[in-house]
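First the structure, in the form of structure tokens, and then the observations on it.
Bear in mind that the values in this text are calculations on the coordinates, not laboratory data. Predicted model only: the values in this text are computed from it and were never measured. All Cβ positions, glycine included, derive from the backbone under ideal geometry; neighbour counts span all protein chains shown.
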Amino acid sequence: MSLRKIPGPLEHPACRFQESAAPFAQGQMPAAEREAFAAHLDGCAVCRREVEDFRAVLARLKDLPAEPPGRDLAGPLVADIFPERRRLVFWSWRARPVRWAAACLTGFILGGFTLLLTESKKPAGPGRLALSGTDLTRARSEGLAWLAAAQEPDGSWAPGRWGGQERHAVALTGAALLAFLEDDAAARTYAGAVGKAAQALLRAQGGAGRFGPPGEQALYNHGIATAALLSLYAHSGNPALRSPLGRAVTHICAAERADGGWGYDPGGADPANAALTVWQVHALARATDAGWEEARAPLERGLAWMRGLVDGQGRLGYRASGDFPCGHETLTAMGAFGLAGPSLTAAERARWGDSLRAISVSQGREVDYYRWFFLTRALPAVEENAGASRPWVAELQKMLVDAQVREGPLAGSWEPADRWSAAGGRVFATAFAALALSAR
């Protein structure tokens with residue numbers, strides 16, 4: 001399967017690889033083709049939306065009750081198309097289009113009917129879902145326990161074992177380390193895992209200071225790994241970390257573009273984008289807090305560049321204001337996460353808060369671990385009243401608690417079910433779910 005990087009949907013309304021979305025969403029592609037298509041998704045918003053649409057249908061069908069709703073239409077449809085109700089095989093990736101179209105149509109009919117039965121019983125707004133502190137603590141503890149058990153002997157996490165791509169291994173190791181370091185109790189409980197993860201990241205640092213291999217994913221790997229080791233440095237004060245962290249900070253500063261952002265090709269023609277920039281800004285903010293004054297000027301330039309992407313409604317663009325190749329929701333949550341701080345004016349806080357709350361309401365119960373991580377951090381950061389964000393954060397956290405795997409060998413983890421999971425797999429899902437659950 002030969003793939004090339006395809007421009008976004010504004011340039012091409014369709015993609016010749018769209019037909020691979022259905023088999024990819026179901027995990028029914030040969031390994032080599034799945035890896036190639038997963039890499040293609042990084043640069044193709046059209047195919048990402050196709051995969052999201054198929055996954056939404058699959059998720060809705062899986063959530064149907066064991067007994068169909070009490071209408072004459074539901075039973076025959078399920079019996080005719082899905083004779084083994086508890087072992088649903090929706091369509092083979094080599095099946096004719098008419099077969100999977102019928103399955104999709106059935107999902108929308110039954111899913112819509114189920115939605116009609118349930119939505120009228122739900123009050124609007126945050127707080128309708130009760131979440132106890134015990135549930136929250138248990139879910140996060142079980143998530144961390146799964147991560148510790150999934151750690152490789154060398155201290156890293158291997159995405160390929162859990163449905164992800166190996167090229168993101170450094171970023172995922174950093175994300176797991178961040179999850180363990182979110183509070184002192186967890187850091188002590190998992191001190192062995194923390195130490196091994198730190199050693200794995202340090203071994204992944206090259207002579208130029210970069211954590212991880214070169215390529216389009218390089219600054220994702222490097223930014224998250226740097227933020228994780230800076231978090232460890234803040235916990236431990238270990239002087240052995242200063243030299244590698246100093247080289248890592250220097251690498252971020254050197255990779256900054258003249259306009260203040262970071263792009264996939266540092267120093268090349270590729271323009272800066274918000275998705276990469278937010279992690280570099282976050283790492284530099286941690287670095288300045290830890291005493292690296294040389295990070296301050298690049299940080300300020302990066303923040304100024306991000307502010308230029310924000311429109312009048314408090315929405316962050318990808319490469320320019322109003323540029324939303326895959327929707328603004330996750331980008332906006334990223335922007336609030338990166339820009340929130342004491343320097344925000346009251347008007348900016350109000351605009352960000354309104355935008356983030358609207359995202360929280362509009363997303364429904366569709367899982368998005370990455371977005372939820374940013375939302376649970378950004379909502380408290382932009383509120384002047386410390387408790388005002390709590391109901392909104394609790395709503396997101398309750399959905400995460402409900403989605404956690406409770407039984408079997410994968411208990412404690414989260415299913416790799418959102419748009420980003422093709423890259424990071426179960427390690428990504430569990431690390432970012434645990435991080436979102438740690439927000440206060």
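Rg and Dmax of region 133-437, using alpha carbons, in Å: what are they?
Here Rg and the maximum Cα pair distance are 18.1, 51 Å.
What number, in percent, do you get for the relative contact order of region 133-437 if the mean sequence gap of Cα pairs under 8 Å and at least 6 apart is divided by its residue count?
Working: 498 pairs, mean separation 65.9, N = 305.
The normalised contact order for region 133-437 reaches 22 percent.
If you add up the charges near Val194, with Lys and Arg at +1 and Asp and Glu at -1, over every other residue whose beta carbon is less than 13 angstrom from its beta carbon, what do you get? Intermediate values should be presented prior to the final figure.
On the way: positive: Arg188, Lys196; negative: Glu182, Asp183, Asp184.
Summing Lys and Arg as +1 and Asp and Glu as -1 gives -1.
How big is the dipole moment of region 133-437 about its Cα centre under a simple scheme where the beta carbon of each Lys and Arg is +1, that of each Asp and Glu is -1, and everything else is neutral? Debye, nearest 20, please.
Working: 28 positive and 31 negative charges, 65 e Å.
Charge dipole of region 133-437: 320 debye, to the nearest 20.
Could you state the principal axis extents of the C-alpha atoms in region 168-327, from the largest down, to the nearest angstrom?
Rounded to whole Å, the extents work out to 45, 33, 29 Å.
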